[in-house]
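Peer 1: Please see the structure below; I have some questions.
The values are calculated or read from the model by the stated rules, or taken from the named source; none is laboratory data. All values derive from a computational prediction rather than experimental measurement. Heads up, the Cβs are rebuilt from the backbone with ideal geometry, glycines too, and the neighbour counts pull from every protein chain shown. Heavy atoms of the whole protein, side chains included, go into the accessibility calculation; ligands, DNA and RNA do not. Shrake-Rupley method; radii C 1.70, N 1.55, O 1.52, S 1.80 Å.
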Amino acid sequence: MKEIINDIRLSKHFKLSEFLNLKKYPENIPTMQVVANLAYGCHFLLEPARLEVGPIIINSGFRCEAVNRRVGGVKNSQHLLGQAADIRPQNPAQFQRLVDFLKANALTDQLLTGSTWLHISWNPFALPRHYIRIGYYK
């Protein structure tokens with residue numbers, strides 16, 4: 001199963017395996033709806049952002065309920081649905097450019113930043129809230 005997941009492309013530059021961290025959390029297997037939600041985020045937010053700032057590293061993507069509890073995620077986390085990712089640019093000098101780009105994207109549902117990484121969420125089934133908090137994670 002893991003070999004199949006490792007080969008699934010969500011978009012040109014992003015693979016499903018980047019969003020799962022199966023080496024650390026082998027139980028973190030997504031449903032097909034979660035995969036579709038991740039593909040939406042890749043196509044409409046992460047790929048355009050990558051074109052703007054270069055390669056993007058996924059720190060955290062989908063989390064099943066057990067993983068979400070283990071990492072201290074909130075009960076209603078969009079990570080549970082495959083509608084969120086914690087990311088950072090490969091080149092740290094591009095961080096502010098990444099933040100600015102995602103702030104301007106009309107499909108950004110939520111953008112919460114730390115000093116070197118950010119949480120971005122999307123919702124294929126609702127109008128984006130466009131909730132932005134710079135410096136949310138201290």
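Peer 1: Any idea which of V53, V35 is in contact with a Lys or Arg (Cβ under 8 Å, 6 or more places away or on another chain), open to solvent by 10 Å² or more (accessible area, probe 1.4 Å) and not small (G, A, S)?
Peer 2: Testing whether each residue is in contact with a Lys or Arg (Cβ under 8 Å, 6 or more places away or on another chain), open to solvent by 10 Å² or more (accessible area, probe 1.4 Å) and not small (G, A, S) leaves just V53.
Peer 1: F95 is checked against (1) outside any loop (DSSP other than H, G, I, E, B); (2) open to solvent by less than 50 Å² (accessible area, probe 1.4 Å); (3) out of contact with any Pro (no Cβ under 8 Å at 6 or more places or on another chain) and fails just one. What number does that condition carry?
Peer 2: For F95, the exception is condition (3).
Peer 1: How many residues does the stretch 61-76 hold that are more than 19 Å from K15 (Cβ to Cβ) and surrounded by 18 or more Cβ atoms within 10 Å (Cβ to Cβ)?
Peer 2: Final tally of qualifying residues: 1.
Peer 1: Considering only residues of the stretch 98-138 that are surrounded by 11 or more Cβ atoms within 10 Å (Cβ to Cβ) and among the polar types (S, T, N, Q), which is nearest to K15 (Cα to Cα)?
Peer 2: S121
Peer 1: Can you tell me which residue is modelled with the lowest pLDDT among those in the stretch 111-133 that are in contact with a helix residue (DSSP H, G or I) (Cβ under 7 Å, 6 or more places away or on another chain) and not in a strand (DSSP E or B)?
Peer 2: Looking at residues that are in contact with a helix residue (DSSP H, G or I) (Cβ under 7 Å, 6 or more places away or on another chain) and not in a strand (DSSP E or B), I get T116.
Peer 1: Now, a different point. Does Q94 satisfy the condition of being of a type outside the set (S, T, Y), touching a residue at least 40 places away in the same chain (Cβ under 8 Å) and either under 18 Å from L16 (Cα atoms) or in contact with a Lys or Arg (Cβ under 8 Å, 6 or more places away or on another chain) (or both)?
Peer 2: Answer is no for this residue.
Peer 1: Considering only the stretch 1-68, give the helices (runs of 4 or more DSSP H) lying wholly within it that have at least 3 residues that are out of contact with any Ser or Thr (no Cβ under 7 Å at 6 or more places or on another chain) and not charged (D, E, K, R).
Peer 2: 32-41, 47-53
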